[in-house]
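Structure first, then comments.
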2 protein chains.
Amino acid sequence: MGNPTSGQEATDHVAKILREAIRAGEMAPGHRLVEFDLADRYGVTRAAVRGALLDLTGEGLVERIANRGARVRVIPLEEAVQIVECRAALEGLCAARAAEHVQDADRELLRAIGAGMREAVGSGDVMSYSKLNQQLHAHILRLSGQKVAAGLLERLNAQIVRHQFRLSLRPGRPQTSLPEHLALIEAVCSGDAPAAERAAREHLASVAEALRRSTEEK
Amino acid sequence: MGNPTSGQEATDHVAKILREAIRAGEMAPGHRLVEFDLADRYGVTRAAVRGALLDLTGEGLVERIANRGARVRVIPLEEAVQIVECRAALEGLCAARAAEHVQDADRELLRAIGAGMREAVGSGDVMSYSKLNQQLHAHILRLSGQKVAAGLLERLNAQIVRHQFRLSLRPGRPQTSLPEHLALIEAVCSGDAPAAERAAREHLASVAEALRRSTEEK
DNA sequence: GGCGAAGAAAGTGTCAACAATCCTGAGAGC
DNA sequence: GCTCTCAGGATTGTTGACACTTTCTTCGCC
């Protein structure tokens, strides 16, 4: 089952590795992605790397300049804010739909996540909180049944994970976002679609605001 | 200046032709896209066609199955409805922002489009109405300054133009959508962001509803 | 006649060499 | 000291042949 050195599978494999590396910040924005080096490092052909870079370009994670190669795309703060605004619109939609579809089992699950979040913030465990945050959003998307919106959100999220991760490390940020998350959970669980939409949008408006503020300071 | 037979330029050229052909319905959903044939028809190399198909796949217009080639993707009605719902969320955002940025020159332009629409519907000129419709949406996007949302909407629109075009030909449909468009224009012009968002969302909710209904009949 | 294997046909997928392009830095000329 | 030019090297872009997969067709066998 050793990964092949080329082919569609290899392309996907490399794309996955690179996505993860970019997400984790191992490859900083602006970092050059030389086809030959990557092929060498991951033991695949240059064609596979090339394909992966093409894919990632389509996803907006990588930027290519003709004859000059690819690099990790730098997402300006202004764009990151717009991305969050789009997320607000789309997650608002999903939260509303999720509230319409919620079942008892889902309520239990969501509230368990909420409890975990409260605990994580209480003990200052930022990593756990971040994980639960992802789980929460993922569950709401699944509940909403909105596959198109989920696809768009996945793309958008991949582009700003770095910005958002940095944000989550700021002192006081979890204390701000926790009540917003809890409000979202309660709104969805109560089946109140307009309230759920409002909660999702308010939460993301708060993220956008925090992002904007992070320009001045830093 | 004759178009090259290969290279990035040729790839883009072919992608553009295919996009247009799919949009115009010359290539029905499900239509097979054989690399060699297309290369022959458009006088480019197979590599160029291949690249174009890869791009279009990323845009969701084309579907590829390993070793079996590409075909025009069939967008099920259920998905088309979800796309319209996403559009509602995103265009709502854009309409609100547009209302915040609107200037006198823009008001004149938007109202001129509105007047043109009224006239087109009055004289039953569906083609003009459709064109003006596109112009209206494009202007609102530009006004909003939301480049990210504009990019997402472009992708989404490309996927459902066919559904939407068929819809616009239904008797009575223009009469329904005209007042919605006029309301949107007035809301944006008056600078009332929440009203503009509401108008955009109501309009697209009506489109979604019409789409859903078109399943039963036909 | 029905069934399945084998072979041909149609297309797509891959590769490795080659071509084109862009950056770098050294050196000539002003 | 400054600019301009031009090899040289590093990297990306392209190509055409070939390998592989899937599908279609034919033919032999029961």
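Averaging the Cα positions of each part gives two centres, and for region B:160-218 and region B:53-102 these lie 17 Å apart. Counting, for every residue in A:52-65, the Cβ atoms of other protein chains within 10 Å of its Cβ and taking the mean gives 1.
Using +1 at the Cβ of each Lys and Arg and -1 at the Cβ of each Asp and Glu in the protein assembly as shown, identify which of B:Leu18, A:Gly124, A:Ser214 lies farthest towards the dipole's positive end. Sorting the options by dipole projection puts first B:Leu18.
Annotated for the protein assembly as shown: lysine pairs at least 8 residues apart or interchain, Cα distance under 28 Å, count 13.
For region B:7-72, what does the alpha-carbon gyration tensor say about shape, rounded, prolate or oblate, given a ≥ b ≥ c as the root eigenvalues, a/c under 1.5 as rounded, and a/b over b/c as prolate? Here region B:7-72 falls in the rounded category.
Positive end of the dipole of region A:77-216, charges at C-beta (+1 Lys, Arg; -1 Asp, Glu), about the Cα centre: which of A:Gln134, A:Ala187, A:Ala149 has its Cα farthest in that direction? Projecting each Cα onto the dipole axis, the largest value belongs to A:Gln134. First check a/c for region B:132-171, with a ≥ b ≥ c the square roots of the eigenvalues of its C-alpha gyration tensor; if it is under 1.5, answer rounded, and if not, answer prolate when a/b is larger than b/c or oblate otherwise. Since a/c reaches 1.5 but b/c is at least a/b, the shape of region B:132-171 is classed as oblate.
Taking 1 over the mean of 1/r across every pair of different Cα atoms in region B:77-216, what Kirkwood radius in Å do you get? It works out to 14.9 Å. Here chain A has 52 percent of its accessible surface on carbon and sulfur atoms, given a 1.4 Å probe and all protein chains in place. B:Ile17 contributes about 50 Å² of solvent-accessible surface, heavy atoms of the protein only, 1.4 Å probe. How would you classify region B:137-218 from its alpha-carbon gyration tensor, with a ≥ b ≥ c the square roots of the eigenvalues: rounded for a/c under 1.5, else prolate if a/b is greater than b/c, otherwise oblate? Since a/c reaches 1.5 but b/c is at least a/b, the shape of region B:137-218 is classed as oblate.
Using r as the Cβ-Cβ distance of B:Ala205 and A:Arg118, and R0 as 35 Å, what FRET efficiency do you calculate, to the nearest 0.05? The calculated FRET efficiency here is 0.45. Ranked by the mean number of other Cβ atoms within 10 Å of their residues, highest first, the peptides B:123-130, B:201-208, A:193-200, A:37-44 fall in the order A:193-200, B:201-208, A:37-44, B:123-130. Distances between placed amide hydrogens fall under 5 Å for B:Leu33 paired with B:Ala70, B:Arg71, B:Val72, all partners being 5 or more residues away or on another chain. Values of log10 I(q)/I(0) for the protein assembly as shown across q = 0.07, 0.11 Å⁻¹ run -0.40, -1.01, by the Debye formula with one identical scatterer at each alpha carbon and no solvent. Under 5 Å from the amide H of B:Val62 lie the amide H atoms of B:Thr57, B:Arg73, each residue being 5 or more positions distant or on a separate chain, with H modelled from the backbone and absent for Pro and chain starts. In this structure B:Ile22 has an accessible area near 20 Å², from a 1.4 Å probe over the protein heavy atoms. Averaged over peptide B:107-116, the number of partner chain Cβ atoms lying within 10 Å of each residue's Cβ comes to 0. Based on protein heavy atoms only, chain B ends up with 51 Å² per residue of surface accessible to a 1.4 Å probe.
The values are calculated or read from the model by the stated rules, or taken from the named source; none is laboratory data. Being a predicted model, the structure only gives us computed values, none of them experimental. As a convention, Cβ positions derive from the backbone with ideal geometry for all residues, glycine included, and neighbour counts pool all protein chains shown. To get the accessible areas, we keep the full protein, side chains included, count just its heavy atoms, and leave off ligands, DNA and RNA. Shrake-Rupley method; radii C 1.70, N 1.55, O 1.52, S 1.80 Å.
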